[in-house]
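Scroll down for the structure; my scribbles are underneath it.
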Amino acid sequence: MEAQVGDWVVVESPHVGEPRRVGLVIRVEHADGTPPYTVRWTEDDHESLFLPGPETHIEKPEALFGSK
C-alpha cells in the first residue's frame, strides 16, 4: 500500500451495519509512500499513527470529491 499526504484512508467495517472510517493522510513516514501514516480521522478530528490492515484502501482526493 502506498499513500501521499492529502490522500484518504478508508477502513471498511468488518461488521455488517457499522460505518466505515475515513481519515486524511497528513504525514507519510517513508519517502516511498509505505506505512505507517499519520491520519486525521473525520469522525472526531483526532490524529493517530496508522498501520493499515486488509480492510483498508487508499483513495485519491479526486476519487472521493471529483476533480476541479
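Just so it is clear, none of the values below were taken in a lab; they were calculated from the coordinates. Because the structure is predicted, anything quoted here is derived from the model rather than measured. Because the Cβ atoms are built from the backbone with ideal geometry, glycine has one as well, and the counts that use them run over all protein chains shown.
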Using only Cα atoms, what is the ratio of the radius of gyration of the range 8-65 to 2.2 N^0.38 Å?
1.11
In sequence order, calculated HN-Hα J values of the range 40-53 (Karplus, 6.51, -1.76, 1.60; Hz; x Gly/Pro)
9, 7, 6, 5, 9, 6, 8, 10, 8, 7, 10, 10, x, x
For 22, 5, order by how many other beta-carbon atoms lie within 10 Å, fewest first
5, 22
Enumerate by residue number the GluC sites (Glu not before Pro) in the chain meeting two conditions: DSSP loop (anything except H, G, I, E, B), and at most 14 other Cβ atoms within 10 Å of the site's Cβ.
2, 12, 29, 43, 55
Which of 52, 36, 14 fluctuates most in a GNM of the chain (C-alpha springs under 10 Å)? That residue is 14
Summed over the other residues with a beta carbon less than 15 angstrom from that of residue 14, with K and R at +1 and D and E at -1, the charge totals -1
How much FRET efficiency would the formula 1/(1 + (r/R0)^6) give for residue 60 and residue 18, where r is the Cβ-Cβ distance and R0 is 22 Å, rounded to 0.05?
0.35
